[in-house]
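Participant: Here it is, the structure in full.
The values are calculated or read from the model by the stated rules, or taken from the named source; none is laboratory data. Just so we're clear, the structure is a prediction, and the values are computed from it rather than from any experiment. Backbone-built Cβ (ideal geometry, glycine too); neighbour counts: all protein chains shown. When the accessible area is computed, the model is the full protein with side chains, heavy atoms only, and any ligands, DNA or RNA have been set aside. Shrake-Rupley method; radii C 1.70, N 1.55, O 1.52, S 1.80 Å.
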Amino acid sequence: MLLSGRHHKFTPSSPPASFRSPRLRRLRPLRPPTLASSNPPPPPSPLPSHFTSLRRPWRWRHSASGTGAGDVVQDLPPVEADGKATVGGKKSFWGAVSLIIGTAVGPGMLGLPSATIRSGQAPSAAAILLSWVYVVSSIVLVAELSFAAMVRDGVDEVSFTGLASSTLGAGLGAVVAVVYAALSFSLLVACVAGIGSIVSQLFPGVNPVLANALFPCFAGVLIAFFPFKAVDGANRALCGLMLVSITALVVTGVSVGRASLLRSLSYACWSPGAILPAIPVTVLTLGFHVITPFICKIVGDSVYDARKAILIGGAVPLAMVLSWNAVILGLASAGGNAGFDDPIKLLLSVNPAALPAVRGFAFAALATSLIGYAVSFPKQLADTVELILQRFSQKQGSVHQPNASSSRNGAILTWTVLIIPIFIASFFSAAFSKALDFAGVYANCFLFGILPPVMAWIHRSQTKKRSPDSCEDILPGGNAALMILFVIAVILAIWH
């Protein structure tokens with residue numbers, strides 16, 4: 001059933017009828033072995049043999065039905081019109097890990113200690129660790145849904161809109177698509193505005209529009225016209241700069257306030273009023289749900305590869321957040337700054353030489369986040385437009401339109417999602433800041449808190465109904481774990 005309708009990747013210049021020639025009929029009775037590689041077998045394969053897959057097929061470690069049918073379906077995704085998606089080397093486990101690290105760590109991490117100062121070292125560390133477990137569990141659910149959709153539909157990339165539409169229906173899927181698009185644009189504008197601010201500080205005479213446009217244009221050229229290896233290389237270099245910068249900041253803080261850091265361990269306030277305010281900020285800081293479907297595209301052939309990359313890539317931001325939080329709380333206790341609201345100013349007050357490291361970290365965090373959003377959002381935007389057109393139009397031919405020239409369409413979408421934030425950040429920054437506050441709270445709680453466990457429960461229920469022994473849950477705990485994640489998301493939404 002899944003094989004039908006998925007082998008329509010021929011170009012208009014090479015219709016299937018051109019392979020059924022009289023010469024082919026004369027060769028069929030002989031079946032010479034030397035011609036097997038140049039002529040297709042009679043009925044079993046709908047594709048000629050010279051259209052061989054350039055990648056290994058998607059493969060689950062747990063068979064879908066025990067009959068091996070799942071492996072047959074997996075041969076479909078590599079046959080795509082987009083050359084960038086099929087060229088060897090597109091799969092990169094460590095490229096996915098670096099993309100996770102860069103997107104998960106944002107400049108907002110530097111301000112996190114202002115929300116944890118009331119609780120102290122041990123309570124804040126426990127809150128950060130539990131928040132990380134919650135975030136990673138939710139992201140693993142999105143990865144599970146993404147791989148299931150890729151296998152079911154025979155594609156090599158899905159979007160959050162597609163996942164919502166397939167589980168919740170087209171109506172709710174359209175709502176999710178609009179909210180998701182608004183959130184993604186908000187995050188892109190935040191990155192563009194932040195990078196433009198840093199460029200303006202370094203070069204005060206630069207026009208604000210030009211300052212906002214420099215790095216997004218560089219990223220757009222890299223993503224639209226270069227192979228993914230170039231994007232991966234630039235992202236890894238920025239991740240290296242970010243790691244070096246945060247290490248320098250932590251070392252500076254430890255060298256200045258080593259004694260106060262030890263004394264700060266004695267203070268702890270375990271009251272909910274002191275601990276809870278740090279949890280929403282930590283969840284927003286460590287989350288990278290936006291790029292999870294794209295991570296599933298490049299990470300490997302199994303959902304277990306995605307889970308491994310999520311755990312490894314998510315552990316690095318966790319270590320950075322914990323170390324930065326400990327250092328700043330130690331410095332705050334040394335100077336009696338129990339009510340400070342700017343950790344960066346606090347660090348610079350004790351050592352002004354740390355300013356280059358602060359700027360380096362902020363730039364690298366914003367740049368890696370921008371790259372992550374820019375490579376994942378075009379697919380989301382395309383699916384959103386397609387879903388809206390299907391919702392308000394009866395023309396079904398538009399379903400396959402994006403496949404006609406996906407390389408060109410991908411470049412256009414990439415530039416679209418980068419140019420619009422440049423103008424918003426340059427001319428509507430005040431209005432945008434309010435929209436970002438709204439989107440960052442409510443959109444995140446709804447999209448990445450409530451929806452993943454709900455969609456996972458629906459998907460697992462449908463799968464077990466079709467085949468009771470067909471599903472192996474990637475996130476341990478079954479429905480109990482889904483219920484816990486859902487309740488936490490609702491509590492966070494109410495708390496906000």
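Participant: Of the residues that sit in region 157-169 and are outside any helix (DSSP H, G or I) and out of contact with any Cys (no Cβ under 9 Å at 6 or more places or on another chain), which one is least open to solvent (accessible area, probe 1.4 Å)?
Facilitator: First, pick out the residues of region 157-169 that are outside any helix (DSSP H, G or I): 157-159, 169.
Still in the running and out of contact with any Cys (no Cβ under 9 Å at 6 or more places or on another chain): 159, 169.
Values: Ser159: 4, Gly169: 26 Å².
For region 157-169, the residue satisfying everything is Ser159.
Participant: So if I check each of Val244, Val176, Val250, Val254, which one is open to solvent by less than 10 Å² (accessible area, probe 1.4 Å), touching a residue at least 12 places away in the same chain (Cβ under 8 Å) and either touching a Gly at 6+ places or on another chain (Cβ under 7 Å) or among the aliphatic types (A, V, I, L, M) (or both)?
Facilitator: Values: Val244 fails: open to solvent by less than 10 Å² (accessible area, probe 1.4 Å); Val250 fails: open to solvent by less than 10 Å² (accessible area, probe 1.4 Å); Val254 fails: open to solvent by less than 10 Å² (accessible area, probe 1.4 Å).
Result: Val176 is the single residue among Val244, Val176, Val250, Val254 that is open to solvent by less than 10 Å² (accessible area, probe 1.4 Å), touching a residue at least 12 places away in the same chain (Cβ under 8 Å) and either touching a Gly at 6+ places or on another chain (Cβ under 7 Å) or among the aliphatic types (A, V, I, L, M) (or both).
Participant: Please state which of the following conditions Arg236 fails to meet, knowing it meets all the rest: (1) out of contact with any helix residue (DSSP H, G or I) (no Cβ under 6 Å at 6 or more places or on another chain); (2) open to solvent by 70 Å² or more (accessible area, probe 1.4 Å); (3) of a type outside the set (A, V, I, L, M, F, W, C).
Facilitator: If we test Arg236 against (1) out of contact with any helix residue (DSSP H, G or I) (no Cβ under 6 Å at 6 or more places or on another chain); (2) open to solvent by 70 Å² or more (accessible area, probe 1.4 Å); (3) of a type outside the set (A, V, I, L, M, F, W, C), just (1) comes out false.
Participant: Right, something else. Among the numbered criteria (1) modelled with pLDDT under 90; (2) of a type in the set (A, V, I, L, M); (3) open to solvent by 10 Å² or more (accessible area, probe 1.4 Å), which single criterion is violated by Leu366?
Facilitator: (1)
Participant: Oh, and also: I'd like the full set of residues that are part of a loop (DSSP other than H, G, I, E, B) and either at pLDDT 80 or above or surrounded by fewer than 19 Cβ atoms within 10 Å (Cβ to Cβ) (or both), limited to region 257-289.
Facilitator: Restricting attention to region 257-289, the residues satisfying the condition of being part of a loop (DSSP other than H, G, I, E, B) are 257, 265-267, 269-271, 276-277, 287-288.
Leu265, Ser266, Tyr267, Cys269, Trp270, Ser271, Leu276, Pro277, Gly287, Phe288 - these are the residues of region 257-289 that are part of a loop (DSSP other than H, G, I, E, B) and either at pLDDT 80 or above or surrounded by fewer than 19 Cβ atoms within 10 Å (Cβ to Cβ) (or both).
Participant: I would also like to ask the following. From the list Ala182, Ala148, Ala193, Ala125, which residue is assigned to a helix (DSSP H, G or I), open to solvent by 10 Å² or more (accessible area, probe 1.4 Å) and modelled with pLDDT under 85?
Facilitator: Ala182
Participant: Are any residues in region 216-231 within 26 Å of Val299 (Cβ to Cβ), assigned to a helix (DSSP H, G or I) and in contact (Cβ under 8 Å) with a residue 12 or more places away in the chain, and if so, which ones? If you could, list the steps in order and put the result at the bottom.
Facilitator: If we filter region 216-231 for residues that are within 26 Å of Val299 (Cβ to Cβ), which is where we start, we get 216, 218-231.
In the following step, the residues that additionally are assigned to a helix (DSSP H, G or I) were identified as 216, 218-225, 228-231.
Residues satisfying the conditions are Pro216, Ala219, Gly220, Leu222, Ile223, Ala224, Phe225, Phe228, Lys229, Val231.
Participant: Restricting attention to region 183-200, which residues are farther than 18 Å from Ile291 by Cα, hydrophobic (A, V, I, L, M, F, W, C) and touching a residue at least 24 places away in the same chain (Cβ under 8 Å)?
Facilitator: Filtering region 183-200 down to residues farther than 18 Å from Ile291 by Cα leaves 193-200.
Those still in the list that are hydrophobic (A, V, I, L, M, F, W, C) too: 193, 195, 198-199.
Within region 183-200, Ala193, Ile195, Ile198 qualify.
Participant: Any residue at all in region 134-145 that's within 27 Å of Arg359 (Cα to Cα), of a type in the set (Ser, Thr, Tyr) and either surrounded by 24 or more Cβ atoms within 10 Å (Cβ to Cβ) or touching a residue at least 40 places away in the same chain (Cβ under 8 Å) (or both)?
Facilitator: Within region 134-145, not a single residue is within 27 Å of Arg359 (Cα to Cα), of a type in the set (Ser, Thr, Tyr) and either surrounded by 24 or more Cβ atoms within 10 Å (Cβ to Cβ) or touching a residue at least 40 places away in the same chain (Cβ under 8 Å) (or both).
Participant: Further question: Report, ordered by the first and then the second residue, all pairs with beta carbons closer than 6 Å, sequence separation of six or more or different chains, a first member in region 451-466 that is closer than 16 Å to His289 by Cβ, and a second member that is open to solvent by 50 Å² or more (accessible area, probe 1.4 Å) and part of a helix (DSSP H, G or I).
Facilitator: Once the first residue is closer than 16 Å to His289 by Cβ and sits in region 451-466, its partners that are open to solvent by 50 Å² or more (accessible area, probe 1.4 Å) and part of a helix (DSSP H, G or I) give Pro453/Phe486.
Participant: Between a residue in region 348-360 that is in contact (Cβ under 8 Å) with a residue 40 or more places away in the chain and any residue that is part of a loop (DSSP other than H, G, I, E, B), which pairs come within a Cβ distance under 8 Å, given they are 6 or more apart or on different chains?
Facilitator: Hits for this filter: Val350/Gly257.
Participant: Anything in region 99-122 that is open to solvent by 10 Å² or more (accessible area, probe 1.4 Å) and assigned to a helix (DSSP H, G or I)? List them, or say none.
Facilitator: Applying the first criterion (open to solvent by 10 Å² or more (accessible area, probe 1.4 Å)) to region 99-122 yields 101, 106-108, 111, 114-115, 117-118, 121-122.
Across region 99-122, the qualifying residues are Ile101, Pro107, Gly108, Gly111, Ser114, Ala115, Gln121, Ala122.
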